[in-house]
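The values are calculated or read from the model by the stated rules, or taken from the named source; none is laboratory data. Not measured: the values here are computed from a predicted model. Reconstructed Cβ throughout: ideal geometry from the backbone, glycine too, with neighbour counts over all protein chains shown.
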Amino acid sequence: MGVNLMLMPLQAGVDKVSSARVPAPPVGPKVRFVRPSRPLGAVAPTDEELARAFAGPIPTATQLQYGFWDNAFRLFPPPPGEKVWVKTLLNEEPEHLNFVGGDTRRFYIAVEDKAAAGRGFVEVTWWTAKKPSAAREVIEDPPQGITTLIETRAGSGVFISKGLMLVNDRVDAELDIHSGVSESDPKLGKHGGLRDPSMSNYRTRSAGMFSFGVAQYRSRAPGAPATPVTVFAPVFADSSRRIEVQVYVLRNKRGGLPSVPLAEIASRDLRIVTETYERHGIWLVTKASSADLAVAGTRMHQIGSPIEYTILEVDPPAKVNDASLTDENIDDVSATFMAPANTLRLFFVKDLLIWRHPLGVSFDGSPVLFDPDDHPMAVVRQPAVSTTGCSFVRVARDPYTAAHELGHLLMAKLGEGHFHTDNRTQSARSSTGERRVEDCNLMVAGSKGQGENYDQTKRLWDGIDDQGYPQLAALHASPYVR
């Protein structure tokens, strides 16, 4: 109990005021973005583990990152008479059964407010901004409602959110997500259950890789400061890494029309390439070389919004009839349009008359198996040196084909180069095991569909696949990543 020194009687010869211990002014609330200290690959902690983890000093996150979606799905064996395993999104109340709460790149917001001790919960708002500022004009994804932070233990004055995540594409940002709070909770039920982006306790925000996370807290305790506490965290502390790509569209004939619409390439293919590698701190830069611009018939376009991409519209070389390429034609095209060192080349063409018309093909300098329709048997040959660092994508592609083909060059893997995981093993793991479902990975073999979706082939993960390949480590070590 505090002591009112002004009402204490004074005794002769004794300075009661100077001898009394004056209490220090109360410490104001503190807000932090927090990253889990568990190693990558670990699943979400239980509520008890969270309480223990935040019982001492709270570590501040130096940066935020996009979610991996590496613990997002669970596989079940095929129903009787079927062959396809059933994939379901983990989107339930317990953190270890929630794709956000179980993500290895999840983060939290923590509040220390001793004046609110014993309340059980507090509320914050959080959003993303283009600058470390709370000014409305720089907000990227605005707050749509409060986020509830639960007290770690009764009277602690330390409050922690459920796991949170950043996303960077439309379909991920529109998904309904369980708040981690029960709808039957007597105090918080109105903020519980499944939430959409317009509601409170929505657990993701959209952001660009050069953006900032912003969290704001205003204490409701009596006598608390009227000014809210606002904190910032960069999405990536070092956002300087990039890949440089020269992008070409072959005309259907010399002097003809582009074989693939330029606007479609910018708005879909290159946007998805940007989103795919931006999630891992790597920015796409499209460019044109002076040598390319000197080739007769070359026309440069700068197209797209809000990101403007450089795309070259080019004629097929003289010995190539049109934009449907055989393996020999590929050599001719790549030799005509060269690139500086450590610069990738991405060609959009009408068709690929090899390997029974694949959606795309890439050349990392290793021998390639060719199986053309008009050849009696498959042949292995060493492609021309000029093809190294080239990807070719045809009209009949899916949204992720261009990002996938560039991935073969950025994450060059011996053999056929695809990501492999034994899904049957995954389905047998416990409910707290990681669940990296193969057909959600960008580098899985074959197209899994033509539409953009949250469960499509677009994820890259840390760790190794079942063939011992360290996918993300290989990406960051690539000579094409500057």
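Answer yes if at least one residue in region 320-327 is under 22 Å from ALA402 (Cβ atoms), assigned by TED's automatic domain parsing to the domain that holds GLY297, part of a strand (DSSP E or B) and modelled with pLDDT of 95 or more, and no otherwise.
Within region 320-327, not a single residue is under 22 Å from ALA402 (Cβ atoms), assigned by TED's automatic domain parsing to the domain that holds GLY297, part of a strand (DSSP E or B) and modelled with pLDDT of 95 or more.
Yes/no matrix, rows are residues, columns are (1) touching a Cys at 6+ places or on another chain (Cβ under 8 Å); (2) farther than 30 Å from GLY389 by Cβ; (3) surrounded by 22 or more Cβ atoms within 10 Å (Cβ to Cβ):
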residue: PHE210; (1), (2), (3): no, no, no
residue: ALA215; (1), (2), (3): no, yes, yes
residue: VAL229; (1), (2), (3): no, yes, no
residue: GLU278; (1), (2), (3): no, no, no
residue: GLY281; (1), (2), (3): no, no, no
residue: SER289; (1), (2), (3): no, no, no
ask   = What single numbered condition from (1) within 16 Å of LEU346 (Cα to Cα); (2) of a type outside the set (D, E, K, R); (3) surrounded by fewer than 19 Cβ atoms within 10 Å (Cβ to Cβ); (4) out of contact with any Asp or Glu (no Cβ under 8 Å at 6 or more places or on another chain) fails to hold for THR274?
value = (3)
inquiry  = I'm trying to understand the selection: among the residues of region 104-122, which are of a type in the set (Gly, Ala, Ser) and assigned to a loop (DSSP other than H, G, I, E, B)?
reply    = ALA117, GLY118, GLY120
ask   = Taking strands (runs of 3 or more DSSP E) that do not extend beyond region 123-185, which have at least 2 residues that are modelled with pLDDT under 90?
value = 139-141
note = Among (1) more than 14 Å from PHE392 (Cα to Cα); (2) of a type in the set (Lys, Arg); (3) touching a residue at least 60 places away in the same chain (Cβ under 8 Å), LYS350 falls short only on (1)
ask   = For region 328-359, which residues satisfy the criterion of being part of a loop (DSSP other than H, G, I, E, B), at pLDDT 90 or above and of a type in the set (Lys, Arg)?
value = LYS350
task = State yes or no: is GLU434 modelled with pLDDT under 95, of a type in the set (Asp, Glu) and within 24 Å of the chain's Cα centre (by Cα)?
result = yes
ask   = Quick one: in region 437-452, which of the residues that are at pLDDT 85 or above and more than 22 Å from ILE464 (Cβ to Cβ) is nearest to the chain's Cα centre (by Cα)?
value = GLU452
Inter-residue pairs, beta-carbon under 8 Å, first without any contact (Cβ under 8 Å) to a residue 12 or more places away in the chain and loosely packed, with under 12 Cβ neighbours inside 10 Å and in region 72-97, second aliphatic (A, V, I, L, M) and part of a strand (DSSP E or B), 6+ apart = PRO78/VAL86; PRO79/VAL86
ask   = Which residues, counting only those in region 334-351, are crowded, with 24+ Cβ neighbours inside 10 Å and of a type in the set (A, V, I, L, M)?
value = LEU346, VAL349
query = Quick check: anything in region 255-271 closer than 20 Å to PHE392 by Cβ, aliphatic (A, V, I, L, M), touching a residue at least 12 places away in the same chain (Cβ under 8 Å) and outside any helix (DSSP H, G or I)?
reply = yes
